[in-house]
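J.: Take this structure first; my questions come after.
Please treat every number below as a calculation from the coordinates, not as lab data. Keep in mind that this is a model prediction, so the values were computed, not measured. For neighbour counting, all protein chains shown are included, and Cβ atoms are generated from backbone atoms with ideal geometry for every residue, glycine included.
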Amino acid sequence: DIQMTQSPSTLSASVGDRVTITCRASQGISRWLAWYQQKPGEAPKLLIYDASSLESGVPSRFSGSGSGTEFTLTISSLQPDDFATYYCQQYYSQRTFGQGTKVEIK
Amino acid sequence: EVQLLESGGGLVQPGGSLRLSCAASGFIFAGYGMAWVRQSPGKGPEWVSGISASGRTTDYADPVKGRFTISRDNSKKILYLQMNSLRAEDTALYFCAKDETTGTESAFDIWGQGTMVTVSS
């Protein structure tokens with residue numbers, strides 16, 4: 001089974017900050033990685049697929065990069081609506097989610 | 001509007017069974033793989049099972065293999081999850097989700113609102 005490890009688990013930031021979240025896979029997954037945003041009481045929302053492709057309707061301040069085992073999600077300028085929990089997910093072999101990164105207000 | 005609507009959750013005793021349903025609308029259901037994903041309170045999502053667009057290929061996470069069965073009725077645009085021999089650790093909010101692309105495993109671009117399953121005596 002492929003394990004996904006995110007860091008940090010919690011991130012405190014202010015509006016306007018540049019934020020980076022890291023996701024590591026236990027084995028190479030090429031670029032078969034997605035990023036989701038989840039707010040309390042809601043389903044996850046797809047932000048990025050294939051490591052760096054922006055889902056339709058998602059603001060351009062979100063970007064993804066990486067391949068193989070190391071991936072990052074970057075929010076270029078944090079907005080009030082961005083305070084949420086973010087998950088990475090691999091779909092190279094079955095599907096596995098990371099444990100999540102909560103972005104909270106500093 | 002593209003939509004997924006789950007139903008069938010509830011309270012069940014350990015060892016019991018439940019069948020979840022997910023009604024799809026707004027897209028060509030028969031053209032996409034589908035999946036069930038669960039999320040326990042305060043935890044991250046966990047993929048449970050997936051099924052190909054035709055229904056011929058299915059896959060399961062190890063914790064549910066042999067107990068859960070995924071299926072679909074493309075004529076009715078409904079996805080199912082039959083859950084048997086339920087355990088306390090199966091307690092979670094169960095989401096159905098749609099593959100973003102056809103023909104291969106992909107990210108999930110559409111999610112339902114979830115249906116809660118509680119396994120307790």
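J.: What shape does chain A take by its C-alpha gyration tensor, where a ≥ b ≥ c are the square roots of the eigenvalues and a/c under 1.5 counts as rounded, a/b above b/c as prolate, and the rest as oblate?
T.: prolate
J.: In Å, what Kirkwood hydrodynamic radius results for the protein assembly as shown from the alpha-carbon pair distances? Present the calculation step by step, with values, prior to reporting the outcome.
T.: Details: mean 1/r = 0.0558 Å⁻¹.
After inverting the pairwise mean of 1/r, the radius is 17.9 Å.
J.: Scan around A:K102 for amide H atoms under 5 Å from its own, H built in the peptide plane at 1.01 Å from N, and keep only partners 5 or more places away or cross-chain.
T.: Here A:T10, A:L11, A:Y86 satisfy the definition.
J.: Short version: ³J(HN,Hα) in whole Hz for each residue of the stretch B:48-58, in order, from phi by Karplus 6.51 cos²θ - 1.76 cosθ + 1.60 (θ = phi - 60°), x for Gly and Pro, what are they?
T.: Result, rounded to whole Hz: 9, 6, x, 9, 6, 4, 7, x, 6, 10, 10.
J.: What size of dipole, in debye to the nearest 20, comes out for the protein assembly as shown about its Cα centre when the only charges are +1 on Lys and Arg C-beta atoms and -1 on Asp and Glu C-beta atoms? Present the calculation step by step, with values, prior to reporting the outcome.
T.: On the way: 20 positive and 21 negative charges, 61 e Å.
Dipole size: approximately 300 debye.
J.: Next question. Restricting the calculation to Cα positions, tell me the Rg (one decimal) and the Dmax (whole number) of the stretch B:9-113 in Å.
T.: Expressed in Å, the Cα Rg and Dmax of the stretch B:9-113 come to 13.2, 38.
J.: Given the pairs A:K45/A:K102; A:K39/B:K65; A:K39/A:K106, which are separated by over 22 angstrom at their Cα positions?
T.: Flagged as over cut-off: A:K39/B:K65.
J.: Mind checking which lysines have their Cα closer than 16 Å to the Cα of B:K77? Skip sequence neighbours fewer than 8 apart in that chain.
T.: Hits, sequence-local ones excluded: B:K98.
J.: From other protein chains only, count the Cβ atoms within 10 Å of every residue's Cβ in B:97-107, then give the mean.
T.: Neighbouring Cβ atoms belonging to other protein chains average 4 per residue here.
J.: What number results when the radius of gyration of the stretch B:27-89, computed over Cα atoms, is divided by 2.2 N^0.38 Å?
T.: It is 1.18.
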